[in-house]
1. Give segment 14-46 a look and list any residue that's more than 16 Å from the ligand (Cβ to nearest atom), in contact with an Asp or Glu (Cβ under 6 Å, 6 or more places away or on another chain) and within 18 Å of Phe86 (Cβ to Cβ), or say none.
2. Do any helices (runs of 4 or more DSSP H) entirely within segment 94-196 hold 3 or more residues that are of a type outside the set (A, V, I, L, M, F, W, C) and either within 16 Å of the ligand (Cβ to nearest atom) or over 30 Å from Leu43 (Cα atoms) (or both), and if so, which?
3. Cβ-Cβ below 9 Å, separation at least six or inter-chain, first residue in segment 141-168 and over 13 Å from Trp190 (Cβ atoms) and in contact (Cβ under 8 Å) with a residue 60 or more places away in the chain, second part of a helix (DSSP H, G or I) and within 16 Å of the ligand (Cβ to nearest atom): which pairs?
4. Could you give me the residue pairs with C-beta distances under 9 Å whose first residue belongs to segment 25-37 and is free of Cβ contacts under 8 Å to residues at least 40 places away in the same chain, whose second residue is β-branched (Val, Ile, Thr) wherever it lies, and which are 6+ apart or on separate chains?
5. Of everything in segment 109-126, what is at pLDDT 95 or above and either β-branched (Val, Ile, Thr) or over 19 Å from Val18 (Cβ atoms) (or both)? Give them in sequence order.
6. Which of the numbered conditions does Ala80 fail, given that it passes all the others? Conditions: (1) exposed (fewer than 14 other Cβ atoms within 10 Å of the Cβ); (2) of a type in the set (Gly, Ala, Ser); (3) modelled with pLDDT of 95 or more; (4) on the phi < 0 side of the Ramachandran plot.
Amino acid sequence: MIASEPGGDALVRPVLLVDVDGPLNPYAAKPHRRPEGYETHRLLTPRWEAAERRRLTAAGLPGRPVKPLRVWLDPGHGPALAALPFDLVWATTWQEEANAFIAPVLGLPALPFIRWLSPRPEPEPGSGVFWKTPEIVAWAKGRAFAWIDDEITDADRAWVAEHHAGPALLHRVDARRGLTPDDFGVLERWAAGVPG
Ligand SMILES: [Mg+2]
């Protein structure tokens, strides 16, 4: 574990792994009722454009222009995340595009991000374990982490408890509301209890 390495920095902080769709972009809110505090962005990222192009081509509409992705973001979330006692890391299918498209809107610097295996690995069938979970544990290498994501379940908590040696908080965020002050409170309290 990084925090206990001889001569290691005693101020190593836990990592906060940040998902975009759900915690920052409450995509599951009612389509025509943007949640309070959020602003609408229409983003044409290379990955979204390529996926939509494939979808349209498969649907027999190869010439149709790709519509940008509607994303709701709360500009208050950047400063609130930056103020937490964590090192921030993206854990999102946006990967490097989170730095190009999301971080600037929120006023965050470019952050490290987890590059997922491609094609996406499948955890044990029927286990209910989210595909990100084993990859996150492999990436963390025992370092303390909190993870905010709208797809976390108890199956993921059980998997992490069995496979990860360090402290971990798997905190599910409601994709209809995005991150709330309560979520930030949970993260702060958890970080305060992690041995430094
Ligand atoms: Mg998500």
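The values are calculated or read from the model by the stated rules, or taken from the named source; none is laboratory data. Since this is a predicted model, take the numbers as computed values, not measurements. Methodologically, a virtual Cβ is constructed for each residue, glycine included, from the backbone with ideal geometry; neighbour enumeration extends over all protein chains shown.
1. The initial filter retains those residues of segment 14-46 that are more than 16 Å from the ligand (Cβ to nearest atom), namely 14-15, 30-34, 36-37, 39-42, 44, 46.
Applying the additional criterion that residues be in contact with an Asp or Glu (Cβ under 6 Å, 6 or more places away or on another chain) yields 15, 37.
Across segment 14-46, the qualifying residue is only Val15.
2. Working: elements: 103-106, 132-140, 154-163, 181-192.
By residue number, 132-140, 154-163, 181-192.
3. Pairs found: Asp149/Lys132; Asp149/Asp156; Glu151/Lys132.
4. Note: pairs meeting the criteria are Arg34/Thr40.
5. Result: Ile114, single match.
6. (1)
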